[in-house]
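Quick notes on the structure that follows.
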Amino acid sequence: MIVADTIKKQVIVNGSNSGEVKRGVYSALALSVLVISGCASIPREAGFADVQQQVAKRLDQKVQWTREADQEGAVTQAVRVLLQDELTMDEAVQIALLNNRALQAEYERLGIAQTDFVQAGLLNNPVFSAEILNSSIGTERTFSVAEDFLNIFTLSARKRLAANSFEQVKTQVSAQVWKLAGEVKSMYYTVNGDEQALELLRTVVGATEASAQLAQLQMQAGTLSRLNQTLQQTFYAQAVLDLAREETELNSHREQLNRLLGLWGTDVAWHMPPRLAEPPATLPPLERLEARAIEERLDLIAAKKEIDSIAMTLDASAQYRVLSIFGIGFTVQRTSDGESLRGPRLEFGLPLFDQGQAKIALLQSQLRAAQQRMNGLAVDIRSQVRTARHRWVATHDQLKYRRDVLLPLHERIVQETQFRYNGMLAGVYDLLIAKQNQITSARAYIQTLRDFWIAQADLEQALGMRLTASAAPPAASTLPIPAPSHATGDL
Amino acid sequence: MKISRRDMLLASAAMLVGAPAVATARTASAPPRTSQPASKSGAETLSKSARYTPVVTPNGSTLPWHMDNGVKVFQLIAEPVKREFAPGMVVNCWGYNGQTPGPTIEALEGDRVRILVTNNLPEPTSVHWHGIFLPSGMDGVAGLNQPHIPPGKTFVYEFTLRQNGTFMYHSHSDEMLQMALGMMGMFIIHPRTPPAPHIDRDFCIMLHAWDVDPGTYTPNPAEMLDFNMWTFNSRIFPGIDPLVMRLGDRVRIRLANLSMTSHPIHLHGHNFHVTGTDGGWLPPSALWPEVTTNVPVGSIRVIEFIADNPGDWAFHCHKSHHTMNAMGHTVPNMLGVDQKDVAKKVGALLPDYMAMGESGMGDMGMMQDMGMPLPENTLPMATGNGPFGPIEMGGMLTVVKIRADIAPGDYRDPGWYQHPPGTVAYELKEK
């Protein structure tokens with residue numbers, strides 16, 4: 001982070017009680033300091049604009065750093081507006097970017113990095129020392145002012161290093177924003193898919209309930225044994241349990257999303273559109289995925305900056321390795337017999353034992369380690385991209401197959417079973433089971449659809465960048481999933 | 001009124017199905033025929049050379065022959081055939097000369113017959129002449145009496161008929177399968193001098209059973225017990241021709257059974273006597289009266305009665321499932337089950353659903369009238385309408401139609417019986 005700790009501050013000062021001496025020293029030093037260092041005040045924005053820019057390249061949503069108490073009210077208001085009506089995925093991401101507290105805490109890293117950046121541009125304060133020694137003869141007064149010039153020599157290097165570190169922190173913060181957006185997307189699709197699949201499961205439960213009721217009526221009329229009636233009842237009971245379990249799962253997923261969105265109290269009662277969006281008919285062709293990921297991944301960019309920091313530190317340390325202490329000052333002395341002495345003062349360390357060799361070796365090891373870590377990260381990133389892309393394509397193919405092959409087969413089975421029922425060749429239980437199987441197949445379709453969208457979000461995360469605009473999900477679906485409340489007669 | 005037998009015979013000259021025309025060309029070289037429409041039991045011209053009352057095979061035909069040096073030559077072509085069991089159901093069967101059952105062979109006692117059997121099946125076959133006394137090598141049990149007839153080849157069976165009566169012919173090579181697919185027919189041998197009393201109408205009915213899974217087109221030959229289609233001459237009611245007769249006719253019906261179970265055949269409105277089997281004729285003193293005769297497997301029962309009760313009379317197998325078409329035997333029993341509330345729930349899931357079975361199976365007719373679709377190539381369980389409503393039967397059922405105003409030799413369907421007033425069961429009206 002900040003300048004290597006080998007730069008020590010020197011505190012050797014001699015000075016007289018003469019005001020003019022102090023003024024002169026001070027002014028000289030102040031001049032030199034002002035010339036060398038930059039502005040010493042801390043800007044409020046702390047580089048957040050750069051974060052916003054990096055985020056804007058990847059997301060449509062806006063990031064905002066809420067630092068004032070009065071801004072909190074505006075954020076709450078904005079979130080409430082977004083929560084109105086159905087919660088879309090874009091709205092969910094926006095709410096998270098505004099409202100997620102961990103992200104807001106992350107932004108404070110910028111402030112901290114900013115202070116480090118400013119600190120690196122500050123020179124050490126000169127040191128004033130006074131000595132007043134009384135003897136039997138008289139009083140000896142010695143006044144000194146000294147400045148550590150090593151930190152002046154290394155100032156620009158320190159500032160470059162701090163600027164690089166600041167950029168690294170900005171990149172890391174942007175990466176956190178991107179990561180949060182990805183988590184929100186995945187969890188959004190999970191909840192949306194869960195809800196839609198749950199509705200279909202309710203229909204299945206309704207079918208088993210009808211079977212159980214028919215069995216009960218049959219038993220009362222004397223046409224079904226208690227054993228067979230009990231079997232039907234068991235299927236229904238099991239289905240009820242399955243439903244309860246899925247409802248619990250759904251609740252847990254909703255809460256995970258609430259955590260990501262920072263919602264609590266009455267705000268957790270949001271509802272999503274009833275259907276997941278349909279996939280695009282064909283996937284956009286994506287080229288150079290791995291190369292783009294290497295370019296765009298924020299964690300890789302941050303890792304590069306870390307390497308740069310270590311390299312800069314290594315260079316600076318190598319440059320000044322033999323110079324451990326270097327102080328220049330001015331001393332004024334009034335002896336006890338009234339003589340006035342003045343003159344410059346110089347101090348530096350003699351590199352007899354420590355020539356910085358251990359320090360250099362340490363930095364070299366750290367540099368190599370950081371480089372290997374970055375290489376490893378690049379390998380992982382490439383693999384992540386390939387994995388995500390494969391899953392994206394595979395789930396899309398499965399969706400097509402389910403929709404074009406499997407769902408129509410189940411529809412045909414229900415139809416043929418209905419024909420058999422019409423001819424008293426099959427019974428109503430067979431018909432209900434055929435319907436349940438069809439609905440279960442539709443549930444599997446929904447779950448695959450959910451997996452497809454999650455795979456697309458994961459691919460974006462692996463890329464570190466959004467996919468092309470044409471890969472954005474379209475509006476609500478026209479999928480032929482059996483909606484049990486429609487009497488379309490389309491058998 | 002006494003009519004001479006000769007007059008009767010001549011009168012019956014202008015009749016009947018399957019006239020054995022005297023053909024000049026040898027039919028053995030005729031190209032194999034595929035599916036032919038089943039001929040009706042209407043009249044066809046009878047050659048003057050006939051000397052007997054020819055039998056009528058409802059929904060069937062009689063095999064033509066030609067004379068070759070004193071030998072009556074017949075041609076049977078064993079081939080796959082498509083048989084319409086009733087409108088709406090066509091089955092891939094194996095039969096003879098385009099039909100199952102094959103054409104009825106009709107000859108005289110004493111005839112020397114030569115039967116050419118051409119095999120157009122995909123596997124070897126043979127023909128056994130059930131109940132007929134003949135040389136062992138002509139008996140037709142492939143492997144035992146003769147080599148199997150290879151596909152594409154023609155074998156010749158030749159023997160002299162030394163008896164008269166009612167017999168059958170059927171495959172005896174891969175017998176179980178070939179019979180299950182319909183390879184059978186009737187073989188009638190008339191006496192040279194028909195004994196009194198004279199038979200006015202003589203019908204042949206081959207009983208059979210098939211397992212045709214709903215939605216399929218080919219019988220399952222491996223089925224042993226669970227058959228679902230029951231036929232008279234490979235037809236199903238209402239696709240079975242009625243047996244039309246004049247009031248007062250002496251009627252003979254020859255029932256042959258090559259299915260896997262017996263069939264108690266029942267006639268309404270009359271009683272009859274069993275006068276013969278495939279073993280021979282019963283002496284008159286041995287006849288006993290019946291309204292139902294059980295025809296065992298591999299047997300023939302010949303019944304005779306006087307059609308003295310005018311009207312439309314059901315004639316059917318009395319095993320009630322045999323007058324039903326394909327049924328689901330594992331369908332849940334909804335008798336007495338009030339399904340109203342649950343039916344709504346089910347209807348929400350399945351828009352075409354209608355609750356059935358609460359008050360019996362009569363709903364089926366209503367379902368069909370409403371056009372509820374069935375699996376393809378599947379007949380409703382019971383169908384066919386009579387003049388007073390749905391008859392609610394299928395399978396082995398036909399109607400004996402006795403009318404006073406039918407001309408001799410006229411086998412055409414006279415329509416429904418016009419009941420004399422006061423002879424129809426009526427509803428008692430409240431005052």
- prompt: Over the range A:273-383, what percent of the accessible surface lies on carbon and sulfur atoms, probe 1.4 Å?
  reply: 57
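What FRET efficiency would be calculated for the residue pair residue A:109, residue A:242, taking the C-beta separation as r and a Förster radius of 45 Å, to the nearest 0.05? Each step should come with its number before you reach the end.
Details: r = 46 Å, r/R0 = 1.01.
Efficiency for this residue pair is about 0.50.
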- line: Rounded to the nearest 5, the percent of DSSP beta bridges in chain A running antiparallel is 95
field: the range B:322-419 - Rg over Rh from alpha carbon coordinates, Kirkwood radius
entry: 1.11
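Of all accessible surface on the range B:301-431 at a 1.4 Å probe, what whole percent is carbon and sulfur? Can you show the working numbers first?
Details: 3870 of 6910 Å².
The C+S portion of the solvent-accessible surface of the range B:301-431 is 56 percent.
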query: Hey, what did the range B:231-338 get for relative contact order, percent, Cα under 8 Å, at least 6 apart?
result: 33
- line: A student asked for the Cα radius of gyration and Dmax of the protein assembly as shown in angstrom ought to give 51.7, 187
query: What does the convex hull of the alpha-carbon atoms of chain A project to on average, in nm²?
result: 36.3
field: Helical mean residue ellipticity (222 nm; -39500 (n - 2.57) per DSSP H run of 4+; nearest 500) of chain A
entry: -22000 deg cm²/dmol
message: Quick one: 3J(HN,Hα) in Hz for the range B:110-121, Karplus 6.51/-1.76/1.60 with θ = phi - 60°, rounded, Gly and Pro as x.
response: x, 4, 9, 10, 10, 10, 8, 10, 9, 9, 9, 7
task: Taking the dipole about the Cα centre of the protein assembly as shown, with the C-beta of Lys and Arg at +1 and of Asp and Glu at -1, give me whichever of B:406, B:391, A:303 is farthest to the positive side.
output: A:303
query: HN-Hα J couplings of the range B:425-431 from phi, Karplus 6.51/-1.76/1.60, θ = phi - 60°, integer Hz, Gly and Pro as x?
result: 4, 10, 7, 7, 8, 5, 6
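For the range B:189-253, which whole percent of the accessible surface, found with a 1.4 angstrom probe, sits on carbon and sulfur atoms? Let's see the in-between values first.
Numbers: 1190 of 2170 Å².
Ligands and nucleic acids excluded, carbon and sulfur give 55 percent.
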statement: Residues whose built amide H sits under 5 Å from the amide H of residue A:224, excluding neighbours closer than 5 in sequence, are A:219
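How high is the relative contact order of chain A, in percent, counting Cα pairs under 8 Å that sit 6 or more residues apart? Spell out each step's value before the answer.
Values: 679 pairs, mean separation 112.6, N = 491.
Once normalised by length, the contact order is 23 percent.
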task: List the trypsin sites (Lys or Arg not before Pro) within the range B:97-155 that fall in a DSSP loop (any state other than H, G, I, E or B) and whose Cβ has at most 16 other Cβ atoms within 10 Å.
output: B:153
- prompt: Mind listing P(r) for the range A:212-339? All alpha-carbon pairs, 10 Å bins, whole percents.
  reply: 8, 11, 12, 16, 14, 10, 9, 7, 5, 4, 2, 1, 1, 0
query: In the full protein assembly as shown, how much of residue A:250 is accessible to a 1.4 Å probe, in Å² to the nearest 10?
result: 20
- prompt: Among bridges DSSP assigns within chain B, what percent are antiparallel (round to 5)?
  reply: 70
Calculated log₁₀ intensity ratio I(q)/I(0) where the Debye formula runs over C-alpha points of chain B, q = 0.09 Å⁻¹: -0.59
message: For chain A, take the longest principal axis of its alpha carbons; what is the angle in degrees between that and the long axis of helix A:407-422, to the nearest 10 within 0 to 90?
response: 20
statement: Computed over the range A:142-187, the Cα gyration tensor eigenvalues, each multiplied by 5 and square-rooted, give semi-axes in Å (largest first) of 45, 11, 4
Helix A:89-99 vs. chain A, principal-axis angle (Cα, 0 to 90°, nearest 10): 30
statement: All alpha-carbon distances of the range A:32-167, grouped into 10 Å bins from 0, give the whole-percent distribution 10, 26, 21, 16, 12, 7, 4, 2, 1, 0
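Compute the projected area of the convex hull of the Cα atoms of the range B:144-228, averaged over all viewing directions, and report it in nm² to one decimal place. Before the final figure, lay out each step's value.
On the way: hull surface 36.4 nm².
Hull-based average projected area comes out at 9.1 nm².
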- request: Determine the relative contact order of chain B: mean sequence separation of Cα pairs under 8 Å and six or more apart, normalised by residue count, in whole percent.
  value: 15
- prompt: How big, in percent, is the set of alpha carbon pairs in the range A:367-440 lying more than 19 Å apart?
  reply: 61
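Which value in deg cm²/dmol, rounded to the nearest 500, describes the helix-derived mean residue ellipticity at 222 nm for chain B, given -39,500 (n - 2.57) per DSSP H run of n ≥ 4 and division by the residue count? Before the final figure, lay out the partial values.
Numbers: 4 runs with 30 residues, N = 431.
So the helix-based figure for chain B works out to -2000 deg cm²/dmol.
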task: Using a 1.4 angstrom probe, figure out how much accessible area chain A has per residue, in square angstrom, rounded to the nearest whole.
output: 50
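How would you classify the range B:260-311 from its alpha-carbon gyration tensor, with a ≥ b ≥ c the square roots of the eigenvalues: rounded for a/c under 1.5, else prolate if a/b is greater than b/c, otherwise oblate?
Numbers: a/c = 2.55, a/b = 1.28, b/c = 2.00.
Since a/c reaches 1.5 but b/c is at least a/b, the shape of the range B:260-311 is classed as oblate.
Note down the magnitude of the dipole of the protein assembly as shown about its Cα centre, charges +1 on Lys and Arg C-beta and -1 on Asp and Glu C-beta and zero elsewhere, to the nearest 20 debye.
Values: 82 positive and 93 negative charges, 280 e Å.
Roughly 1340 debye for the protein assembly as shown.
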query: Roughly how many Å² is the accessible area per residue of the range B:271-377, as a whole number, for a 1.4 Å probe?
result: 47
task: Would you mind checking which residues have amide H under 5 Å from residue B:243's amide H? H placed 1.01 Å from N; only 5 or more apart, or other chain.
output: B:399, B:400, B:401
- request: Over 20 Å, how big is the tail of the calculated P(r) for the range B:220-325, in percent of all Cα pairs?
  value: 43
- prompt: Please identify the chymotrypsin sites (Phe, Trp or Tyr not before Pro) of the range B:306-374 that satisfy two criteria: DSSP loop assignment and at most 16 other Cβ atoms within 10 Å. Which are they?
  reply: none
message: Using only the alpha-carbon atoms, what does the range A:224-269 span along each of its principal axes? Please give whole angstrom values in decreasing order.
response: 55, 16, 7
statement: For the pair B and A, the solvent-accessible area buried on both sides (1.4 Å probe; DNA, RNA and ligands excluded), in Å² to the nearest hundred, is 3000
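Past 24 Å, Cα to Cα: identify those pairs from B:319/B:429; A:57/A:185; B:319/B:401; B:72/B:401; A:62/A:159, in the order given.
Values: B:319/B:429 35 Å; A:57/A:185 17 Å; B:319/B:401 22 Å; B:72/B:401 35 Å; A:62/A:159 30 Å.
Cα-Cα > 24 Å for B:319/B:429; B:72/B:401; A:62/A:159; rest within.
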For the range A:351-393, alpha-carbon Rg and Dmax in angstrom: 19.0, 66
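Determine the gain in length on full extension of the stretch residue A:387-residue A:369; use 0.36 nm per residue of separation and subtract their C-alpha separation, reporting nm with one decimal. Let's see the in-between values first.
Details: separation 18, 0.36 × 18 = 6.48 nm, distance 2.66 nm.
Extending this stretch completely gives an extra 3.8 nm.
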- prompt: For the range A:107-188, treating each Cα as an identical point scatterer without solvent, what Debye log10 I(q)/I(0) comes out at q = 0.24, 0.25, 0.27 1/Å?
  reply: -1.05, -1.08, -1.15
Karplus 3J(HN,Hα) series, Hz, for the range A:225-237 with 6.51 cos²θ - 1.76 cosθ + 1.60 (x for Gly, Pro): 6, 5, 4, 5, 5, 4, 4, 4, 4, 5, 4, 5, 4
field: Zone of residue A:353's modelled label, taken as backbone nitrogen in the range A:305-337 under 16 Å from a point 7 Å along Cα→Cβ
entry: A:324-325
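How long are the semi-axes of the equivalent ellipsoid of the range B:66-201, taking √(5λ) for every eigenvalue λ of the Cα gyration tensor, in whole Å from largest down?
Details: eigenvalues 127, 78, 32 Å².
Those come to 25, 20, 13 Å.
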message: Compute the helix-to-body angle for B:340-349: its Cα long axis versus the longest principal axis of chain B, expressed 0 to 90° and rounded to tens.
response: 80
- prompt: Residues with amide H under 5 Å of residue B:62's amide H, sequence separation 5 or more or different chain, H placed in the peptide plane at 1.01 Å from N; which?
  reply: B:18, B:104
- request: Among DSSP beta bridges whose residues both lie in the protein assembly as shown, state the antiparallel percentage, nearest 5.
  value: 75
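The values are calculated or read from the model by the stated rules, or taken from the named source; none is laboratory data. The structure displayed is predicted, hence computed values, not measured ones. Glycine also receives a Cβ, built like all others from the backbone with ideal geometry; neighbour counts cover every protein chain displayed. Ligands, DNA and RNA are excluded from the accessible area calculation, which covers all protein heavy atoms including side chains. Shrake-Rupley method; radii C 1.70, N 1.55, O 1.52, S 1.80 Å.
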